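Colleague: Before we start, here is the structure in question, set down as structure tokens.
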Amino acid sequence: MKHLLKISDLTVAEFEHLMTLTEKLKGETKAGKIHHLLSGKTLGMIFTKSSTRTRVSFEVGMQQLGGYPLFLSSADIQLGRGETIYDTANVLSRYLDGIMIRTFKQSDVDDLAKYGSIPIINGLTDDHHPCQALADLFTIYEHKGKLSGLKLAYIGDGNNVAHSLAEACAIAGMHFAVAAPEGYTCDAQIIEAASERARQTGGSVTVTHDPVEAISDADAVYTDTWVSMGQEQEKEARLKIFMPYQVNKALYAHAKPDAVFLHCLPAYRGFEMTEDIIDGPLSVVFDEAENRLHAQKAVLATLMG
Ligand code: CP
Ligand code: NVA
């Protein structure tokens, strides 16, 4: 494993290694163990979009592993003024031991990996959010004791988060069902590849426009904002289109009675889900947010250690 650009790049063994290491590092951190796995190493963190969880969890994670996190806002670095990815990758590879980047185009992240000589971690693009999916599946594992054979229903926008979840569920042998409005469903190629992978692991991928069909008998229910970063001008139209996909009590009644609720956050109560769902007893959203820290430490230790 050289980079984390998207979940589908991982082998089953690499995915399982990350889950196991996440559990170990989380346990050790809770027990007060001090790590020096990345002593003397520096992670550059490039952000061209906003972030609370990704920035803080990577920054704290590096610090907890004995390394140094360097925040690089695109407003401050020359990349934001048109310096090429090629030059940026070559220059930063001379200073840093790894880069985490959050940006718009997946191809920019792929190009950083292609032209640079250090590990690149995707901290969210328009198409993928791999760190999120690792934390999400680890959270489901913590609450359910297994992953293989479980059903995860994703209701709402077929976006970056949905893509990474589809790919992760396929690797883990889970049943992934996504319900999205027409014109807002997942990328066909990503779904096709995930379905193919799921066939090999005993999982499955289902795409529908019917939220009841997707959520029926689910072990875990997931939603995300209807308006992702970069789509602000579509907000008004999207809020109308997605309303029938709101995760509320009536819809949730079709899931298994103990189905956990996940959301990558930030969440907008009264839109993609009602308050009683996200703040209710089945919600694990803050465990999920915490697990970003532990899962990313596993990624950092694996790639940069
Ligand atoms: N879930 C997530 O990536 O949150 P941030 O946008 O706050 O980083
Ligand atoms: N789909 C959302 C996720 C935010 C963490 C976005 O891209 O804005």
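The values are calculated or read from the model by the stated rules, or taken from the named source; none is laboratory data. Every value quoted in this text rests on a predicted model; they were computed, and no experiment measured them. Note: ideal-geometry Cβ built from the backbone for every residue, glycine included; neighbour counts use all protein chains shown. Please note that ligands, DNA and RNA were not included when accessible areas were found on the heavy atoms of the full protein model with its side chains. Shrake-Rupley method; radii C 1.70, N 1.55, O 1.52, S 1.80 Å.
Colleague: Within segment 156-190, can you find the residues that are out of contact with any Ser or Thr (no Cβ under 8 Å at 6 or more places or on another chain) and open to solvent by less than 20 Å² (accessible area, probe 1.4 Å)? Talk me through it step by step, then tell me what you get.
Modeller: Applying the first criterion (out of contact with any Ser or Thr (no Cβ under 8 Å at 6 or more places or on another chain)) to segment 156-190 yields 161-166, 168-169, 180-189.
Passing the criteria: Val161, Ala162, His163, Ser164, Leu165, Ala166, Ala168, Cys169, Ala180, Pro181, Cys186.
Colleague: How many residues does segment 53-76 hold that are modelled with pLDDT under 95 and aliphatic (A, V, I, L, M)? If you could, list the steps in order and put the result at the bottom.
Modeller: Initial filter on segment 53-76 (modelled with pLDDT under 95): 73-76.
In the following step, the residues that additionally are aliphatic (A, V, I, L, M) were identified as 75.
Here the count works out to 1.
Colleague: Which of the residues that make up segment 106-138 are more than 19 Å from Asp187 (Cβ to Cβ), among the β-branched types (Val, Ile, Thr) and within 16 Å of ligand 2 (Cβ to nearest atom)?
Modeller: Within segment 106-138, just Ile121 meets the criteria.
Colleague: Still on this structure: Please tell me if Asp219 is modelled with pLDDT of 95 or more and open to solvent by 20 Å² or more (accessible area, probe 1.4 Å). Please lay out each step first, then the result.
Modeller: Values: modelled with pLDDT of 95 or more: yes; open to solvent by 20 Å² or more (accessible area, probe 1.4 Å): no.
So Asp219 does not fit the description; no.
Colleague: When the residues of segment 33-69 are narrowed to those that are within 9 Å of ligand 1 (Cβ to nearest atom), open to solvent by 20 Å² or more (accessible area, probe 1.4 Å) and assigned to a helix (DSSP H, G or I), which ends up nearest to Ala289 (Cα to Cα)?
Modeller: Arg53
Colleague: Here is a further query. Condition first: farther than 25 Å from Ile140 by Cβ, surrounded by fewer than 16 Cβ atoms within 10 Å (Cβ to Cβ), among the β-branched types (Val, Ile, Thr) and more than 16 Å from ligand 1 (Cβ to nearest atom). Can you find one or more residues in segment 13-29 that meet it?
Modeller: no
Colleague: Find all pairs meeting these conditions: Cβ atoms under 7 angstrom apart; at least six residues apart or on different chains; first residue within segment 207-221 and touching a residue at least 40 places away in the same chain (Cβ under 8 Å); second residue open to solvent by 10 Å² or more (accessible area, probe 1.4 Å) and among the aromatic types (Phe, Trp, Tyr).
Modeller: Pro211/Tyr245; Val221/Tyr252
Colleague: Looking at Val247, Val299, can you tell me which residue is surrounded by 19 or more Cβ atoms within 10 Å (Cβ to Cβ), of a type in the set (Val, Ile, Thr) and more than 26 Å from Leu5 (Cα to Cα)? Outline the logic, then answer.
Modeller: On the way: Val299 fails: more than 26 Å from Leu5 (Cα to Cα).
Exactly one residue qualifies, and that residue is Val247.
Colleague: Please determine whether any residue of segment 252-260 is within 15 Å of ligand 1 (Cβ to nearest atom) and either over 30 Å from Leu21 (Cβ atoms) or open to solvent by 20 Å² or more (accessible area, probe 1.4 Å) (or both). So that I can check it myself, show each step before the final result.
Modeller: Restricting attention to segment 252-260, the residues satisfying the condition of being within 15 Å of ligand 1 (Cβ to nearest atom) are none.
No, there is no match, as no residue in segment 252-260 is within 15 Å of ligand 1 (Cβ to nearest atom) and either over 30 Å from Leu21 (Cβ atoms) or open to solvent by 20 Å² or more (accessible area, probe 1.4 Å) (or both).
Colleague: Which count do you get for residues in segment 222-244 that are open to solvent by less than 70 Å² (accessible area, probe 1.4 Å) and away from ligand 1 (no atom under 16 Å from the Cβ)? Lay out the reasoning, then the answer.
Modeller: Within segment 222-244, the first condition is being open to solvent by less than 70 Å² (accessible area, probe 1.4 Å), and the residues that meet it are 222-231, 234, 237-239, 241-242.
Now narrow it down to the ones that are away from ligand 1 (no atom under 16 Å from the Cβ): 234, 237-239, 241-242.
Count: 6.
Colleague: Checking Ala188 against (1) closer than 22 Å to Thr125 by Cβ; (2) touching a residue at least 40 places away in the same chain (Cβ under 8 Å), which test does it fail?
Modeller: Tallying (1) closer than 22 Å to Thr125 by Cβ; (2) touching a residue at least 40 places away in the same chain (Cβ under 8 Å), Ala188 fails exactly one: (2).
Colleague: Taking only segment 77-91 into account, find how many residues are within 26 Å of the chain's Cα centre (by Cα) and modelled with pLDDT under 95.
Modeller: 3
Colleague: Another question, then. Restrict the check to segment 187-194 and report whether at least one residue is more than 21 Å from the chain's Cα centre (by Cα) and assigned to a loop (DSSP other than H, G, I, E, B). Full working, then the answer.
Modeller: Here is the first cut: in segment 187-194, the ones more than 21 Å from the chain's Cα centre (by Cα) are none.
Within segment 187-194, not a single residue is more than 21 Å from the chain's Cα centre (by Cα) and assigned to a loop (DSSP other than H, G, I, E, B).
Colleague: The conditions are (1) assigned to a helix (DSSP H, G or I); (2) away from ligand 1 (no atom under 16 Å from the Cβ), and Thr206 fails exactly one of them. Which is it?
Modeller: With respect to (1) assigned to a helix (DSSP H, G or I); (2) away from ligand 1 (no atom under 16 Å from the Cβ), Thr206 is out only on (1).
Colleague: Looking for whichever is closer than 18 Å to Leu124 by Cα and out of contact with any Leu (no Cβ under 7 Å at 6 or more places or on another chain) here; the options are Leu10, Leu21, Leu92, Leu25. Which one fits? Spell out how you get there, then give the answer.
Modeller: Working: Leu21 fails: closer than 18 Å to Leu124 by Cα; Leu92 fails: closer than 18 Å to Leu124 by Cα; Leu25 fails: closer than 18 Å to Leu124 by Cα.
Going through Leu10, Leu21, Leu92, Leu25 in turn, the sole match is Leu10.
Colleague: Filter segment 124-182 down to the residues that are on the phi > 0 side of the Ramachandran plot and touching a residue at least 24 places away in the same chain (Cβ under 8 Å), then identify the one that is farthest from ligand 1 (Cβ to nearest atom). Show your work before the answer.
Modeller: Going residue by residue through segment 124-182, those that are on the phi > 0 side of the Ramachandran plot are 124, 145, 149, 156, 173.
With the extra rule that they be touching a residue at least 24 places away in the same chain (Cβ under 8 Å), the set shrinks to 124, 149, 156, 173.
On the way: Leu124: 6, Gly149: 26, Gly156: 14, Gly173: 25 Å.
Here the residue is Gly149.
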